[in-house]
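Have a look at the structure below, then the notes.
The values are calculated or read from the model by the stated rules, or taken from the named source; none is laboratory data. The structure presented is a predicted model; accordingly, all values stated were derived computationally and were not measured. FYI the Cβ positions are ideal-geometry reconstructions off the backbone, even for glycines, and counts take in every protein chain you see. Accessible surface is based on the protein model in full, side chains and every heavy atom, while ligands, DNA and RNA are left aside. Shrake-Rupley method; radii C 1.70, N 1.55, O 1.52, S 1.80 Å.
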Amino acid sequence: MASNGSFSNKIAGGYTLRVYWSISQSIANNTSTPSVDIYLDQANSYDLDVNSRSDNTLTVAGKSYTWTSPAIDSGGGNSTRIARLTLDPIAHNSDGTKSVTMSVKYNIRATISGTYYESITASATLTFNAILRATQPTLSASSVFMGHSITISTPRASTAFTHDLAYSFAGSAYTAITSGAGTSYAWTVPDLASRVPNSTSGEMTIRCITKSGSTTVGTKTVTLTVKVPTSVVPTISAVTLTETVSGLAAQFKAFIRGKSAVKCTITAAGAKGSTIKGYSSTFQGLSYSGNGWTSKTLSTAGSLSLVTTVTDSRGRTAKKTTTVTVLDYTPPIVSELR
C-alpha cells in the first residue's frame with residue numbers, strides 16, 4: 001500500500017514515458033483523489049521534435065481522461081513534463097482498501113531511427129493506502145436508569161470489522177462491556193449509584209474500538225446519561241422520644257400533658273453512597289429542624305402525630321410518621337378547708 005509511486009515504459013531504446021502519482025484521501029467519503037505528473041525522458045543523443053498532442057489519454061478505475069501535451073523540440077538528455085492532472089475521487093471498498101489499474105498513453109507519432117511509433121504507453125496496478133474508518137457508535141436512548149437495557153449500534157464500514165466496547169462512568173477508568181461485537185450489542189447498565197452519591201445521575205462514556213482482525217482501525221465514543229433509580233431513597237429506621245423533665249418518666253412511665261417535653265432522636269441512613277444532609281419534623285403544629293431537637297411542653301393529650309423527614313445528598317427524601325401517646329393531667333385543687 002502506498003500514498004504515492006511511479007511507473008514507466010520505454011520505446012526505441014531512448015524515450016521513456018514516466019508517470020508519478022500521489023493521492024489525497026477523504027476518510028469521511030472513503031475516497032482517494034489521485035494527482036498525476038507525466039514526463040518524457042530522452043536519453044543522451046536522442047533528439048526529439050514533435051508538435052503538441054491533444055488526444056493523449058489516461059485511464060484509471062475504468063474512467064478515461066484526455067489530456068494535451070506541449071510541443072517538444074529538445075536535444076538528448078532532457079526530461080520534459082508533458083502533463084499535470086488531478087483526477088476525480090475514486091471510491092474505496094467498504095473495508096477501506098483499493099487497488100486500481102492506471103494506464104497512460106502519449107501519442108508521440110514520431111519516426112525514430114527509421115521506425116514509426118504511434119504512441120508510448122505505460123501502465124501499472126496501484127494499491128492505495130487503506131482508509132480504515134472507525135465505527136461511530138450510537139445508542140437507542142440518550143438516558144437510561146441503572147439496571148435497564150440499551151442497544152449500542154455499531155454500523156461498521158466492513159463486515160470484517162469487529163468492536164471492543166467499554167464504559168467509563170463518573171470519571172472512572174474504562175471497564176469492558178464486550179469484545180468482538182458486530183453491528184449492535186444489547187447491554188444492561190449496571191448499578192453504579194454508589195459512584196454518584198451526591199447526584200441522581202451521571203455521565204457515562206461508551207468507547208468503541210474498531211478492529212480489523214488484530215489491527216486497531218480507530219476509536220470513537222458516545223455519551224449516555226445514567227440515572228439512579230427513583231427507588232433509591234434514604235431510610236428512617238427509628239424515631240426515639242425521651243422525656244426531658246426530670247422525674248416524670250420514672251413516676252408516670254408516660255408523657256404527661258402540661259408537664260412533659262420530649263427530645264427527638266432520628267436514626268436514618270442514606271442509600272447506595274448518599275449521606276443524610278437534613279432533618280425536619282412537625283409536632284404539635286410546630287416545625288423543628290436538625291436531629292436531637294427538644295419540643296415545647298406538651299400541650300395536648302391523646303395520640304399525637306410526629307412527622308419526620310430526612311433529605312440525603314442526592315436531594316431525595318424519606319418520611320416517617322410516629323404516634324406519640326400523651327396522658328391527660330389535671331393538677332389537684334383544694335376544694336375545702338376545715
Here are some conditions: (1) out of contact with any strand residue (DSSP E or B) (no Cβ under 9 Å at 6 or more places or on another chain); (2) more than 30 Å from Leu192 (Cα to Cα). Trp293 meets all but one. Which one does it not meet? (1)
Segments classed as strands (runs of 3 or more DSSP E), wholly inside the range 240-338, with at least 2 members that are among the basic types (Lys, Arg) and buried (at least 18 other Cβ atoms within 10 Å of the Cβ): none
Can you tell me which residue within the range 98-136, out of those that are without any contact (Cβ under 8 Å) to a residue 12 or more places away in the chain and in a loop (DSSP other than H, G, I, E, B), is nearest to the chain's Cα centre (by Cα)? Glu118
Hey, any hits in the range 208-223 for a residue that's out of contact with any Leu (no Cβ under 6 Å at 6 or more places or on another chain), modelled with pLDDT under 95 and open to solvent by less than 30 Å² (accessible area, probe 1.4 Å)? yes
Restricting to the range 173-188, what's the tally of residues that are open to solvent by less than 70 Å² (accessible area, probe 1.4 Å) and either closer than 20 Å to Thr97 by Cα or in contact with a Lys or Arg (Cβ under 7 Å, 6 or more places away or on another chain) (or both)? 1
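For the structure I just gave you, tell me whether Val100 is of a type outside the set (Ser, Thr, Tyr) and more than 18 Å from Ser24 (Cα to Cα).
no
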In this structure, is Asp41 surrounded by fewer than 16 Cβ atoms within 10 Å (Cβ to Cβ) and in a strand (DSSP E or B)? no
Check Thr275, Thr244, Thr235 and return the single one that is more than 25 Å from Ser194 (Cα to Cα), touching a residue at least 24 places away in the same chain (Cβ under 8 Å) and among the β-branched types (Val, Ile, Thr). Thr244
